[in-house]
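Read through the structure below, which is laid out as structure tokens, and then see the notes.
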């Protein structure tokens with residue numbers, strides 16, 4: 001996604017900027033069920049937007065607003081710390097990988113089948129570092 005930054009910033013631009021920021025925060029919150037808490041303003045256009053926000057004295061309480069000297073003009077929405085993402089309970093119970101059992105298995109064979117193919121449910125847990133990056137471009141007037 002790209003966001004256009006004009007030289008002259010009017011009320012319409014201010015409304016578009018706050019709508020874009022709100023939309024990206026909502027997207028991350030909806031996907032990861034936690035509010036992101038850092039917005040990084042990069043490049044000259046990023047610094048320009050941060051100055052605009054500070055001049056307007058917009059309240060971003062609960063968010064770390066940072067500026068970096070990276071050349072890329074962008075806004076980056078992210079979390080201060082990595083998130084632990086847990087995928088729902090997964091059952092391994094399933095097919096016998098195409099194997100055919102003829103007759104009734106004995107107790108020893110049944111135990112092997114149960115221990116090999118019917119392990120209890122488990123959860124997948126991983127650490128993620130989600131972010132949304134919005135490229136900034138100069139709007140020609």
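The values are calculated or read from the model by the stated rules, or taken from the named source; none is laboratory data. Note that the structure is predicted; figures quoted are calculated from it, not measured. Every residue, glycine among them, receives a Cβ derived from its backbone with ideal geometry; neighbour counts consider all protein chains shown.
Counting only strands (runs of 3 or more DSSP E) wholly contained in the range 1-83, the ones carrying 2 or more residues that are within 20 Å of the chain's Cα centre (by Cα), surrounded by fewer than 16 Cβ atoms within 10 Å (Cβ to Cβ) and touching a residue at least 12 places away in the same chain (Cβ under 8 Å) occupy 64-68. In the condition set (1) at pLDDT below 65; (2) part of a loop (DSSP other than H, G, I, E, B); (3) loosely packed, with under 10 Cβ neighbours inside 10 Å, residue 88 is compliant with all but (2).
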